[in-house]
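Contents: one structure, followed by commentary.
No value in this document is a laboratory result; all are computed from the given coordinates. If you're wondering where the values come from, they're calculated on a predicted model, not measured in any experiment. In this analysis, Cβ positions are derived from the backbone assuming ideal geometry, glycine residues included, and neighbour counts consider all displayed protein chains.
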Amino acid sequence: MAMKKLFLTTYLKYYLASIEPYADRINKTTKRTDCQSLSQSGFSVPLALGLGLVMIIVAASIIGRSQSDRDITSSQRETNRALSVSEAGAIRFQAFLDRHKLLATKNLAQWITTLDTLPSVQAGCHSIDLPIAKYQAGLFKDNTWIDLDPSDRNKGRYQIVDYQYQNGVGKLTVAGRIDAYNTTDYTANSTLKIDIPIGSESAKIAPPALWANTLNLNASQKVTGQIRGVTCPLLPMTDADGIAGVDMSNIEIVSGIPSGQIIADPFVNIPTPKIAPTTATSIPAITTSIELPRPTSTDTPDANGEYHYFVDTDIPGGDSIKLQDIDRIKITIPAHQKINLYLKGNIDLAGSQTIGVNSANPNLRIYGSSQTVKLTIKDNAEITAFIHAPLADAKNISSSTPNPGQNITGAVWVNSWDSTSSSSPIPIVQTGNWTDFGIAKIEQPSQLSPISYWQRVEN
């Protein structure tokens with residue numbers, strides 16, 4: 001380009017110098033009478049002017065074309081910069097998902113709806129960092145243009161246009177733009193569609209021993225197994241046994257979820273309990289010892305070897321299970337069979353009851369209903385069962401130290417669990433798997449695979 005400009009400048013100077021004598025000659029020819037000289041002058045001047053005009057047109061064309069080429073090159077450069085910005089935005093979004101894997105299987109709109117309803121998570125629990133997640137997710141939701149470098153807007157901005165989770169794949173649309181210097185006007189933009197495969201390790205997640213939306217745990221509460229909830233309790237960490245004795249700050253998040261970890265998962269609700277089938281046998285409230293199946297009745301299992309009982313209340317709005325001291329629910333079936341109790345009312349245990357049997361897996365399932373809103377354990381008890389009552393507020397009130405074997409073996413899934421009023425809370429020991437509990441496995445995303453699809457969208 002510099003050589004072209006030098007050539008044109010030199011040529012124009014030469015041309016103007018060459019036609020200067022002819023301009024003088026034009027003035028003199030008005031006084032001449034020699035026909036031959038006049039004829040020669042008249043021929044040379046138009047020829048020189050014509051050639052000069054052609055060269056000027058050619059020069060102007062070259063200059064115009066070079067300017068057009070320069071504009072195209074500049075536009076391509078800005079577009080490539082915008083593409084780089086959108087790619088950088090995609091990488092940052094992936095990093096955000098990698099830190100907050102629970103969001104990976106939720107559409108963008110679901111992030112905000114859930115996060116906005118949650119309090120900040122307390123320290124001492126591995127979970128979503130809600131204050132940061134809320135802020136970042138809010139930017140994504142509002143299609144905010146986010147500076148790649150907050151200190152220098154000229155480096156470009158990116159925007160999360162959309163994120164949808166479909167059949168194991170996160171589908172991301174991200175845009176990048178380059179702003180005109182020190183303005184909000186953009187000079188180029190670029191949009192990408194990207195597919196991010198989302199892995200799952202549901203097989204490595206054991207059913208929680210204690211699952212509640214609200215947890216108020218005594219420092220001596222012992223739980224062998226996973227605790228799961230919406231928010232995370234801040235424990236004193238003083239007990240050498242069980243979950244309360246684990247220094248959570250030393251637990252690292254690795255693939256899968258280790259046993260004994262407290263999980264604050266705002267996106268996975270306690271599953272809805274099963275309802276009694278139409279073939280279930282109706283029985284009165286259990287207020288004294290009972291043996292199941294009832295030996296004096298014609299209780300029969302279903303095709304899977306399971307017994308189903310619908311348990312009424314002692315009084316309207318009262319208890320479906322209300323036991324004292326030595327009362328017991330005795331289960332007399334092999335471990336591979338199941339007893340299912342579908343409660344109409346609450347559970348009130350006031351003594352050292354024995355409920356269920358000591359088997360490898362809990363074969364007693366107790367399901368709450370919409371009217372099962374209380375679960376009270378006033379003293380210690382020996383319970384082998386899966387208690388699934390997601391609307392029940394559970395309290396453990398005990399002043400005596402549990403004897404060996406006095407614990408809940410199986411799992412307890414309730415709305416809230418409060419053991420702060422107990423000097424010696426009843427321990428919970430998780431046994432059984434998802435099949436034993438009759439619940440589908442929780443899908444827990446654990447790994448973001450490399451991008452499997454990348455497409456630039458024409459703007």
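With 0.36 nm allotted per residue and the present C-alpha distance subtracted, the Arg456-Ala95 stretch has 127.9 nm of extension available. Can you pick out the pairs among Lys344/Lys441; Lys222/Lys378; Lys101/Lys222; Lys274/Lys338; Lys274/Lys374; Lys274/Lys378 whose Cα atoms lie more than 20 Å from each other? Listed pairs above 20 Å: Lys344/Lys441; Lys101/Lys222; Lys274/Lys378.
Take 300-306, 409-415, 378-384 and order them by the average number of nearby Cβ atoms within 10 Å per residue, most first; the result is 409-415, 378-384, 300-306. Placing a pseudo-label 7 Å from each Cα along the Cα-to-Cβ vector at Thr113 and Trp434 gives an inter-label distance of 2.3 nm.
In terms of packing, defined here as the mean over residues of other Cβ atoms within 10 angstrom, the peptides 368-375, 208-215 line up highest first as 208-215, 368-375.
Tell me, what is the FRET efficiency for Asp149 and Gln447 to the nearest 0.05, using R0 = 45 angstrom and their Cβ-Cβ distance as r? The computed FRET efficiency comes out at 0.95.
The Thr420 and Leu139 beta-carbon pair, evaluated with R₀ = 45 Å, returns a calculated FRET efficiency of approximately 0.70. Sorting Phe96, Phe386 from the fewest to the most surrounding beta carbons within 10 angstrom yields Phe96, Phe386.
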